[in-house]
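This report concerns only the one structure given below.
The values are calculated or read from the model by the stated rules, or taken from the named source; none is laboratory data. All figures in this text were calculated on a predicted structure; none of them were measured in a lab. A quick note on method: Cβ atoms are made from the backbone with ideal geometry, for glycine too, and the neighbour counts reach across all protein chains shown. Protein only, heavy atoms only, side chains kept; ligands, DNA and RNA dropped before computing areas. Shrake-Rupley method; radii C 1.70, N 1.55, O 1.52, S 1.80 Å.
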Amino acid sequence: QNVAQPFYERALTSTRAKLETGAVSSDMLARARVTMGISDEIAADMHLTAFSDEVKSLLQGTTSAAVAAFEEEDFTSEESTSNIQFPPGTLERLEKLRKVLEISEKDAQYEISVEACPLFQATVNGILKQLLSYEGDDVSFFKTSWQKIAARQKELCVNDENMIPILDSIVTQALGKPLEEASAFASVNNEAAVYNKLLEALLIKAKISSLLEQSKGVCSAQKFFDMDSIGACFQFLPTEMRKKLYSLFLSRVTRDASEDGDANLAQIKEMLGIDEETTVDVSAIVCGPVCEKALKETADEVTAGDDVSSEIIENLKKSNSELIARMKVPSDLILKYKCEIYKNYLRFVNQNSPSGIPSSMFAERLATLQQLFDLDSTETIPMHVATFGPAYKKSVLEAMGITGVINPEYREPLNQLRDRLGVGSEEANKLFLSAISDKIVPMFQRIESELERQFLTKEQLARKRGKDIGEDMFKGGSRGDLGIATIGNVMSDIMNLVEFYTENDVPVKTNAVAIEGAAASEATSETEESLGVTYPVTAIGLKAVEPEMAEAMYHQFLVGGFTAQQGGQVARYEAAAPVFGGILGLTKERMEAVGGNVGASVYENFISNAMQTKTSLDQQDMMFLAQIQSKLKMSPEKAEEMLIDAEKKVLKERSQKLFDSATILPCDIQGLRERCNGMGMDLQGDLGISKERVAALFVMEISDGIERGSITTESGNHLTEIQESLGLSPEDCEKAIEGLVQQRVAEYLERIDKELLRGREDQCIDPIKKLIRFASFVGGDVDVEVRKDRAYKIVSLFEAADFSDEKAEVLEAQKQTLKTTLGLPN
């Protein structure tokens, strides 16, 4: 192939020479390669070389300098290369050659660009140099400059795909050069040099933008300042350096304070790719102190003298607004400055107000300062509370006086003081409640101490000092007539507390319907609902007492009210009970539960006493219980529930006492049955007595009657009554009777045997009669074994006995039952 390559090169040269004649084709070259043995790889390289040689041969210069530059491949000088260009028809000729040589369009374009692009770049550099040195703003100059670039692109056959990257690179370098120089000055904090270099960058930006506007969309200047573009002119600078450049420029603009400066600042922000967040941060650092100083100066002007008209205030506000808008300082930072200036003046006013209450002059100046800074109550009230709150609270405590109650004539002066101090109605109420808290905490502590003194032993009190109070703290108390502890001194202390709380109008009336409909989870320890009233200050909320002690106090107050003797006093206690519960911080449910505990003790003791002589409660008893319900503020449902529980408890205790007795009499069982029936209680379901025990009661009650003959097989109604009152089924009773008969018949037969062995036949008649009474309930069908001779002996004794008072048919029936029981034929 080395021998053949020179021959193939001459063929390619001949192809270029004969290209316009059409004498050579790609097929002819292919046949020549086969004949000469040229491989496809070597042929491809030779084709590209031939195409490149053709491109170079077509580029011609019309001047000797151009020829020399072309021969030396020196394309740095625009003057020496401006005349080097392709002749007309170059693209058409190259396209024919490309097809003959079978070169791809991409490879052909590359070979063209390798030769043409350096020439195009030199032209653009020259035009840009002229552009940057131009000091005018004539649009025609920029238009002509772009036309030169477009014409040169055409002369050199450079397509847009190759032209645009060249142009982007040149523009980026032109824009980036002053930024790079500015960053060097910024590194040594040379603000003046940075400012000048950035102004230079803006000038370059303006000229390049004017040039690219003439491209009619071929190339846009905006992409060089797009923060998301990798080709942006500022991308080579670190973020912190761009932020520093912007900060230094802003600092200079802020001092100069000109309209051009503001316009330039916006362009620098764009040129450096500064986002809005960074703008705000930098403005806060650089411009914040300027705005703060201006605000202080205007504040001093309105607080220094009395001659401050509304016109002056409006002018100062306008001046501040314009400065803030120009500085672009964040509004929250401006508000912070205003509040700090206002707070400092508040301190000044407070220091110059010996009583803690500012004079009318200071109050007017504070109002003027609020107006100047457009501060609303949400900003000023917290500052006024922090400064003047203690003075207002002190005035509230003084208004309470010795009695602790604020008289009506002091209410309006307190409102006027509130307005002068600027603490606001809501915060003033909080301060009022704080004063109330200071008063009631010692009251609760005194009540707690009194309860401990009354009900705890020394040992219990000592233990209490080291741990929480237990549930049994009242077990040492005395017992009243109805089984509840009573106390005297605590009642007056509690009533004093309630009167102090209510006469100072601390409770807040609310919509009772809304309260009942509110979710329980929305209630707080500070605000508990009771009968449509909320209690903003509570013992539990203040942690003055533990919840257990709060319930104990309420319990004792209910007891004291219940045991009170005087009618008027009783009514006062009843009315104060829910209020006291609310002040303690107890929910309505907890108050009812505590009242239920008191009521339960009363109910149990009363019912127990009443049932000593009655099987059920009469109307008078129910009226008394209704009075208890009213006193303890219990709902009808709760009262009914407690009544049932008390009855159950009393009956359970009686039934247990009955079972624990050594001897159970039928009358005792009957009494228990009648009381259960009178109260509508079921022995099994309500009292929890097992069916086996109830059946045993049934057996014990009827056993004595059967033995004595008062209960016979003819006593069906009476047995049914006992069965139903005990809650047993007929089947249960039949089974119980069968077991009873089996047991008693066996016992009587054993007794008869013993008497016969001793020869006491006369002592056998009574057990024989009783045996017949029991056996008759099962028709004599009893599972016993008796020797036949003994059985006949027993029958003969029965026949020989004196039963003159019995009818013959009755005696015959009894005889047959006896014989059946003994297993003898009738």
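Of everything in region 366-387, what is charged (D, E, K, R) and over 22 Å from S309 (Cα atoms)? Give them in sequence order. Once the filter is applied, which keeps residues that are charged (D, E, K, R) and over 22 Å from S309 (Cα atoms), region 366-387 yields only E379.
Candidates in region 181-226 are the residues that are over 23 Å from D275 (Cα atoms) and within 54 Å of the chain's Cα centre (by Cα); of these, the one that is surrounded by the most Cβ atoms within 10 Å (Cβ to Cβ) is N190.
Per this entry, A266 is counted among residues that are closer than 30 Å to A174 by Cβ, out of contact with any helix residue (DSSP H, G or I) (no Cβ under 7 Å at 6 or more places or on another chain) and not acidic (D, E). Taking the criterion of being assigned to a helix (DSSP H, G or I), over 26 Å from K439 (Cβ atoms) and either out of contact with any helix residue (DSSP H, G or I) (no Cβ under 9 Å at 6 or more places or on another chain) or modelled with pLDDT of 85 or more (or both), the residues of region 553-591 that qualify are T563, G567, G568, A571, E589. Out of the residues in region 567-592 meeting the condition of being aliphatic (A, V, I, L, M) and over 21 Å from A544 (Cβ atoms), tell me which one is surrounded by the most Cβ atoms within 10 Å (Cβ to Cβ). The qualifying residue surrounded by the most Cβ atoms within 10 Å (Cβ to Cβ) is V570. Set side by side, the residues N320, N344 differ, and just one is assigned to a helix (DSSP H, G or I) and open to solvent by less than 40 Å² (accessible area, probe 1.4 Å), which is N320.
Figure legend. Inter-residue proximity from region 538-550: first residues surrounded by fewer than 17 Cβ atoms within 10 Å (Cβ to Cβ), second residues at pLDDT 90 or above, beta-carbon distance below 6 Å, spacing 6+ or different chains. Indicated pairs: P547/I540. Per the conditions (1) part of a helix (DSSP H, G or I); (2) out of contact with any Lys or Arg (no Cβ under 9 Å at 6 or more places or on another chain); (3) open to solvent by less than 20 Å² (accessible area, probe 1.4 Å), the sole criterion not satisfied by F142 is (2). The residue list L119, L128 contains one member that is crowded, with 20+ Cβ neighbours inside 10 Å, within 15 Å of S210 (Cβ to Cβ) and either among the aliphatic types (A, V, I, L, M) or under 60 Å from the mean Cα position of the chain (by Cα) (or both), which is L128.
The set of residues in region 393-416 being of a type outside the set (S, T, Y) and open to solvent by less than 30 Å² (accessible area, probe 1.4 Å) consists of V396, A399, M400, G404, V405, I406, L414.
Of all positions in region 91-108, none carries a residue that is more than 60 Å from the chain's Cα centre (by Cα), within 17 Å of P165 (Cα to Cα) and open to solvent by less than 20 Å² (accessible area, probe 1.4 Å). In the set (1) open to solvent by 60 Å² or more (accessible area, probe 1.4 Å); (2) touching a residue at least 40 places away in the same chain (Cβ under 8 Å), the condition left unmet by P390 is number (2). At pLDDT below 75, open to solvent by 40 Å² or more (accessible area, probe 1.4 Å) and not basic (K, R): is that true of E692 in this structure? No. Which pairs have Cβ atoms under 6 Å, sit 6 or more apart or on different chains, and link a residue in region 790-819 that is within 22 Å of L749 (Cβ to Cβ) to one that is modelled with pLDDT of 85 or more and not in a helix (DSSP H, G or I)? Short answer, once both residue conditions are applied: A791/L824; T817/G780. For L237, indicate whether it is of a type outside the set (K, R), free of Cβ contacts under 8 Å to residues at least 24 places away in the same chain and surrounded by 15 or more Cβ atoms within 10 Å (Cβ to Cβ). Taking the combined requirement at face value, the residue does not satisfy it.
Checking each residue in region 287-313 for being open to solvent by 30 Å² or more (accessible area, probe 1.4 Å) and in contact with a Ser or Thr (Cβ under 9 Å, 6 or more places away or on another chain) picks out V290, V308.
Of the residues making up region 697-711, those that are open to solvent by less than 40 Å² (accessible area, probe 1.4 Å), outside any loop (DSSP other than H, G, I, E, B) and in contact (Cβ under 8 Å) with a residue 40 or more places away in the chain are V699, S703, I706.
Could you list all residues from region 645-662 that are of a type in the set (A, V, I, L, M) and farther than 18 Å from A696 by Cβ? Listed by number, the residues that qualify are A646, V650.
Matching residues to (1) among the basic types (K, R); (2) loosely packed, with under 14 Cβ neighbours inside 10 Å; (3) modelled with pLDDT under 90:
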| site | (1), (2), (3) |
| --- | --- |
| L756 | no, no, yes |
| Q763 | no, no, no |
| D783 | no, yes, yes |
| S804 | no, yes, yes |
| L818 | no, no, yes |
| L824 | no, no, yes |
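Considering only region 724-745, I want to know if a residue exists there that is in contact with a Cys (Cβ under 9 Å, 6 or more places away or on another chain), surrounded by fewer than 20 Cβ atoms within 10 Å (Cβ to Cβ) and in a helix (DSSP H, G or I). Yes, because at least one residue in region 724-745 is in contact with a Cys (Cβ under 9 Å, 6 or more places away or on another chain), surrounded by fewer than 20 Cβ atoms within 10 Å (Cβ to Cβ) and in a helix (DSSP H, G or I).
When region 39-85 is filtered for residues that are modelled with pLDDT of 85 or more, surrounded by fewer than 16 Cβ atoms within 10 Å (Cβ to Cβ) and farther than 30 Å from Q5 by Cβ, nothing remains.
With respect to L335, is the statement that it is open to solvent by less than 30 Å² (accessible area, probe 1.4 Å), of a type in the set (A, V, I, L, M, F, W, C) and within 13 Å of L295 (Cα to Cα) true? So L335 fails the test. Just one of the listed residues (Q629, Q619, Q656) is open to solvent by less than 70 Å² (accessible area, probe 1.4 Å), of a type outside the set (V, I, T) and at pLDDT 70 or above, and it is Q629. If only residues of region 1-38 that are of a type in the set (V, I, T) and not in a helix (DSSP H, G or I) are counted, the one that is most open to solvent (accessible area, probe 1.4 Å) is V3.
In region 663-682, which residues are over 15 Å from A696 (Cα atoms) and not in a helix (DSSP H, G or I)? Within region 663-682, M679, G680, M681, D682 meet the criteria. Considering only residues that are open to solvent by 70 Å² or more (accessible area, probe 1.4 Å) and under 60 Å from the mean Cα position of the chain (by Cα), which ones fall in region 666-689? Passing the criteria: E674, N677.
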